[in-house]
Amino acid sequence: MPKKNRSITINGITVAPGERKVVELPIAKLYTHSHQSIPVHVICSKIDGPRLFISAAVHGDELNGVEIIRRLMTMGTLKRLRGTLIIIPIVNIFGIIQHSRYLPDRRDLNRSFPGSKRGSLAARLAHIFVEQIVSQCDYGIDLHTGAIHRSNLPQVRANLDDPETLLLAEAFAVPVLLNANLRDGSLRQVASEHGVKVLLYEAGEALRFDELSIRAGVRGILSVMRRLKILPPSKPSRKQHLPFVARSSSWERAPESGLLRSVAALGMRIKKGDLLGVISDPSDLFDQKEY
Ligand SMILES: [Zn+2]
């Protein structure tokens with residue numbers, strides 16, 4: 001007999017084994033006296049298993065994750081869930097309205113963890129999120145994108161020195177895994193202090209839906225859920241390519257000013273000495289340099 005799951009209580013609302021509920025998580029009132037809350041979808045299986053949170057739009061202009069979650073939530077396979085799934089389609093409900101990464105107090109939520117009860121709007125939101133969601137979970141997947149006008153190749157950033165986190169990151173099956181140091185004030189940092197293992201998925205650019213990034217995200221999350229035995233195993237699918245594991249990352253800066261035409265495409269493997277692009281002076285047709 002499989003062990004029975006335990007119920008979970010978020011903001012005083014209890015979701016019992018076998019129930020699926022949307023819990024409203026109230027956050028600080030605006031100065032217009034308007035009440036604000038974050039909808040949190042909770043699926044509590046009858047059967048015991050890990051607790052996983054999936055969050056998107058911690059940065060309000062990073063939209064791919066919102067669509068990834070929308071597709072995920074419509075899937076029939078969630079009926080076969082073990083454990084508990086806590087889904088937050090939009091964490092930064094302010095930023096998404098303003099098309100902004102930040103909160104109205106111009107703070108970056110992902111630098112405001114663990115937050116505090118009496119701090120800034122960002123700090124209060126962070127505090128509620130940690131208390132009600134993160135601290136109750138075993139695992140988390142946080143969905144991000146690159147910045148405005150800057151696309152990221154689908155990648156998972158995580159603490160790859162932890163063997164279980166590495167296994168989960170590999171299960172996500174994206175082209176690149178990046179061993180990322182914990183950033184001060186990030187959701188990932190506070191989660192690790194609570195013993196919660198978090199994968200950060202980065203794909204595409206801000207303010208745009210990118211189909212490839214969305215599909216890779218949905219597939220990756222399902223695959224991680226299977227690895228955690230939250231979902232039953234699927235039939236063995238196509239051969240998986242081993243991801244490239246990066247121990248660090250850095251920016252390649254242009255050695256001089258001008259207009260850049262990229263030659264190397266996103267995701268292309270390059271060797272030292274390969275051509276990355278051509279920088280030209282728009283007013284001098286003959287002045288162009290290859291780098
Ligand atoms: Zn982000």
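A few notes on this one:
- Leading residue by the ranking (nearest to the chain's Cα centre (by Cα)) among those in the range 49-66 that are surrounded by 20 or more Cβ atoms within 10 Å (Cβ to Cβ) and away from the ligand (no atom under 15 Å from the Cβ): Phe53
- Scanning the range 163-192 for residues that are more than 15 Å from Arg111 (Cα to Cα), charged (D, E, K, R) and touching a residue at least 60 places away in the same chain (Cβ under 8 Å) yields a single hit, Glu170.
- Taking the criterion of being over 19 Å from Gly60 (Cβ atoms) and either open to solvent by 50 Å² or more (accessible area, probe 1.4 Å) or polar (S, T, N, Q) (or both), the residues of the range 100-138 that qualify are Pro114, Ser116, Lys117, Arg118, Glu131, Gln132, Ser135, Gln136, Asp138.
- Cβ-Cβ contacts under 6 Å between residues 6 or more apart (or on different chains), taken from a first residue in the range 58-84 that is modelled with pLDDT under 95 to a second residue that is within 16 Å of the ligand (Cβ to nearest atom) and in a loop (DSSP other than H, G, I, E, B), are absent.
- In the range 228-291, counting only strands (runs of 3 or more DSSP E) that sit wholly within it, the ones holding 3 or more residues that are within 31 Å of the chain's Cα centre (by Cα) and surrounded by 13 or more Cβ atoms within 10 Å (Cβ to Cβ) span 244-246.
- Scope the range 190-210; condition more than 12 Å from the ligand (Cβ to nearest atom) and open to solvent by less than 40 Å² (accessible area, probe 1.4 Å); matching residues: Val190, Ala191, Val196, Val198, Leu199
- There is at least one residue in the range 92-109 that is in contact with a helix residue (DSSP H, G or I) (Cβ under 6 Å, 6 or more places away or on another chain), farther than 22 Å from Ala203 by Cβ and within 16 Å of the ligand (Cβ to nearest atom).
- Residue satisfying condition, being closer than 30 Å to Leu212 by Cβ, touching a residue at least 12 places away in the same chain (Cβ under 8 Å) and among the aliphatic types (A, V, I, L, M), within set Val40, Val23: Val40
- Test set (1) within 16 Å of the ligand (Cβ to nearest atom); (2) modelled with pLDDT of 95 or more; (3) open to solvent by 50 Å² or more (accessible area, probe 1.4 Å) - Thr145 fails condition number: (3)
- Number of the condition not met by Asp138 [criteria: (1) out of contact with any strand residue (DSSP E or B) (no Cβ under 6 Å at 6 or more places or on another chain); (2) of a type outside the set (Ser, Thr, Tyr); (3) more than 14 Å from the ligand (Cβ to nearest atom)]: (1)
The values are calculated or read from the model by the stated rules, or taken from the named source; none is laboratory data. Because the structure is a prediction, the values reported are computed rather than measured. Don't worry about glycine lacking a Cβ; one is built from the backbone with ideal geometry, like all the others, and counts go over all protein chains shown. For accessibility, only protein heavy atoms count, side chains too; no ligands or nucleic acids. Shrake-Rupley method; radii C 1.70, N 1.55, O 1.52, S 1.80 Å.
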